[in-house]
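Please treat every number below as a calculation from the coordinates, not as lab data. These numbers come from a predicted model, not from an experiment. Reconstructed Cβ throughout: ideal geometry from the backbone, glycine too, with neighbour counts over all protein chains shown.
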Number of protein chains: 2
Amino acid sequence: MFFEGAEKKAQIQVDRSQISLLNDISDEFWQVLVMRCNAQILSSTNNGQCKAFLLSESSLFVWHDKLLILTCGETQLVNSIEYFIEHIGKEKIQQLTYQRKNEYFAHAQPSCFSDDIKQLSQYLNGSVYRFGELDGHHNYLFNYDNAFNANPEDKSYEFIAYQISEKASALLTTSGISAKEIRQFLSLETILPDFIIDDFVFKPYGYSLNAIKDDKYLTIHVTPQANSSYISFESNIDLIAFAPLFIDILNPLSFDILSFNEFEFSAKTLPYRKTNYVSKTLVETTLPNGYKINFANFILPQVDFIEPVALTLEGEGFTDNKTL
Amino acid sequence: MFFEGAEKKAQIQVDRSQISLLNDISDEFWQVLVMRCNAQILSSTNNGQCKAFLLSESSLFVWHDKLLILTCGETQLVNSIEYFIEHIGKEKIQQLTYQRKNEYFAHAQPSCFSDDIKQLSQYLNGSVYRFGELDGHHNYLFNYDNAFNANPEDKSYEFIAYQISEKASALLTTSGISAKEIRQFLSLETILPDFIIDDFVFKPYGYSLNAIKDDKYLTIHVTPQANSSYISFESNIDLIAFAPLFIDILNPLSFDILSFNEFEFSAKTLPYRKTNYVSKTLVETTLPNGYKINFANFILPQVDFIEPVALTLEGEGFTDNKTL
């Protein structure tokens, strides 16, 4: 079955002098917030600086002054953000970004980005941008317009692999594969020494991981099925440094790197532009509040012709003949 | 305003011993057929071998034994095909393909490809394929499964330019530009000597052309607005030969070439794979009825970072700040 891996994502910074999201907010609040977008909390970890919730569709991270939520599938994340604004209060919000990627199957989504922004605009004025061309990978971003200035040390990164190799897809869709086997395949023991790890293998396949250490986090979401594979890594540790390792493991046909406040993005990603991958999209801007954002999509040029994918109708959509 | 240039397309071959679509079918039938997908006939030309209708959304061509229809925007072409099958009769249909490209804004479409195929499957059994990855340019194709064998001389070609240069977009969106000026810009006098031409400039912009000569046709549809430009050429004359000219004029960030029964596709497109464009997608197959289909998408690798597109909400979707 097809599953929409592409995430919606929101990052919210609150005024620490008015509220601590870790101390002042109950788990019941987060449960309801997550339910508002039609997801559920599966488990959580907490190291005192960061609480990480593993969701039925992706992840929620909470710090004293910050929240990060990613949800995939057909969740309506904007409803959770509306719930947050209504219950925490706009006056405590210093910064808010709401981001959405182009989906594999946009028509199956309960709302499009402009619907979401109409909903958010009832509460906050913001600016809207598109990073990347409409006919390729792109990210829509809504940024709350206010007087808040970004902390240049508030860096975060996304690395997303699309159309991973047949070998990687076959391994990650192995019936009964354990979380440990997936961690080993992704070399996570190397990347995450001393991190608290909370991970989950979905049935029939799919994998999510939250990892935290002090105020650092890494979250990984694996939609491994052939022809619509999507593997996302999101972190405030430098994923550009780890990207060559992930590329080597997954051999994707295409990958994205997106960063907030990585001031050396161009130099750091230059090595990819000298390998067999080429840059399809390169976007860079600095938002009025000082946030620097970079987005790049790389593709692997093709040499050989391949057969088309044969499809059969099943339920609401198509099922890939080859893999199911 | 955004306009969806990507076309749905159907090709139907009928048994000439049972019916002539040129002689036996009235214009009123085609009028109703076109209305069924929410388009309208604007004008028509006829040279005895082929009748070409220019539509409010793209084109319809009718030969004695064949029909080709392309419709863009938010038309529901499958309804026109259903009308054809119901009124002409399945027993007269030798071959039918129904094709749909990935749209810029899939969520704005009244149906998705699987909806369309469910509707068609009530009348005809067929096989379904996807040419191209889900996260890039792709074509869905439904092919009627029957005993008919393709004529290898029945060749046709599509050339589609995406994200044309600022210069080309600016010229093609010039207020009051004439059809002649657009024909000159596209060098059509060179390509189409002795063709009967029927073309139309839409307000505020957009251009469609039908050209016929004997049983040859060329149709061009221009959606020129910056950030969502889409210019399609469809013909049974060899468009691969003309592609370098179109690329030179339009400088697209990306282009597709699709062909039916072009047995030298790989050799003929090899020159593009040696220029500054690279192949993102290369697909090739031969359908059970003998139709050979090739699809290739080429992109222009990027070197420089560009700013994101700033957007504002208007009506149901986004409006590009830069151009409107």
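A few comments on the model shown:
- Shielding by partners - mean other protein chain Cβ count within 10 Å, residues of A:285-291: 1
- Placing a label point 7 Å from Cα along the Cα-to-Cβ axis, A:SER26 is separated from the same position in the other copies by 7.4 nm, shortest listed first.
- Count Lys and Arg as plus one, Asp and Glu as minus one, and take only other residues whose Cβ is under 13 Å from that of B:LYS92; the net charge is then -2.
- Using the Cβ-Cβ distance between B:ASN149 and A:THR275 with R0 set to 60 Å, the FRET efficiency works out to roughly 0.85.
- Entries in B:LYS8/B:LYS90; B:LYS8/B:LYS167; A:LYS292/B:LYS203; A:LYS292/B:LYS167 that, when Cα-Cα distance is taken, lie over 31 Å: A:LYS292/B:LYS203
- Chain A: most fluctuating residue of A:ALA108, A:ALA161, A:ALA310 per GNM, C-alpha cutoff 10 Å: A:ALA310
- Computed about its Cα centre, the charge dipole of region B:8-299 is approximately 400 debye, with only Lys, Arg, Asp and Glu carrying charge at their Cβ.
- Spatial separation of Cα centroids for region A:3-51 and region A:191-227, in angstrom: 17
- Positive minus negative residues near B:ASN261 (Lys, Arg vs Asp, Glu; Cβ under 11 Å): -2
- Largest mean-square fluctuation among B:VAL14, B:VAL283, B:VAL309, in a Gaussian network model of chain B whose springs join Cα atoms under 10 Å apart, belongs to B:VAL309.
- When each of B:LYS155/B:LYS268; A:LYS280/B:LYS155; A:LYS101/A:LYS280; A:LYS118/A:LYS155; B:LYS118/B:LYS155 is checked by Cα-Cα distance, pairs over 26 Å: A:LYS280/B:LYS155; A:LYS118/A:LYS155; B:LYS118/B:LYS155
- Computed from the alpha carbon positions, the gyration tensor of region B:179-324 leads to an equivalent ellipsoid with semi-axes of 28, 23, 15 Å, biggest first.
- Inter-label distance for A:ASP27 and A:THR286, nm, one decimal - labels placed 7 Å from Cα along Cα-to-Cβ: 4.4
- Label-point distances for A:ASN46 to the equivalent site in the other copies, using a point 7 angstrom along Cα→C-beta, read 8.0 nm when ranked shortest first.
- Highest mobility in the GNM of chain B, judged by mean-square fluctuation with C-alpha springs under 10 Å and restricted to B:PRO244, B:PRO288, B:PRO110, is found for B:PRO110.
- Net charge of the neighbourhood of A:PHE29, taken over other residues with C-beta under 13 Å away and scored Lys/Arg +1, Asp/Glu -1, is -2.
- Residues B:TYR98, A:TYR123, arranged from fewest to most other Cβ atoms within 10 angstrom of their Cβ, appear as A:TYR123, B:TYR98.
- Between B:SER175 and B:SER266, the FRET efficiency estimated from the beta carbon spacing at R0 = 45 angstrom works out to 0.55.
- With both labels modelled 7 Å from their Cα along Cα-to-Cβ, the A:ASP194 to A:ASP214 distance reads 0.8 nm.
- Computed over region A:8-299, the alpha-carbon pair-distance distribution with 5 angstrom bins reads 1, 5, 13, 16, 20, 19, 15, 8, 3, 1, 0, each value a whole percent.
- Other-copy label distances relative to A:SER127, 7 angstrom Cα-Cβ extension, nm: 5.2
- Charged side chains reduced to their Cβ positions (Lys and Arg at +1, Asp and Glu at -1) give the protein assembly as shown a dipole of some 600 debye around its Cα centre.
- The residue list A:PHE263, B:ASN102, B:ALA179 was ranked by how far each Cα lies along the charge dipole of the protein assembly as shown toward its positive end, using unit charges on Cβ atoms, and A:PHE263 comes out on top.
- Length released on extending from B:THR45 to B:PHE305, taking residue separation times 0.36 nm less the Cα-Cα span: 88.9 nm
- Label-reachable residues, region A:184-206, where backbone N falls under 16 Å from a point 7 Å from A:ASP248's Cα toward its Cβ: A:184-192
- Positive-pole candidate from B:LEU21, B:ALA39, B:PHE3, dipole of region B:1-47, charges at beta carbon: B:PHE3
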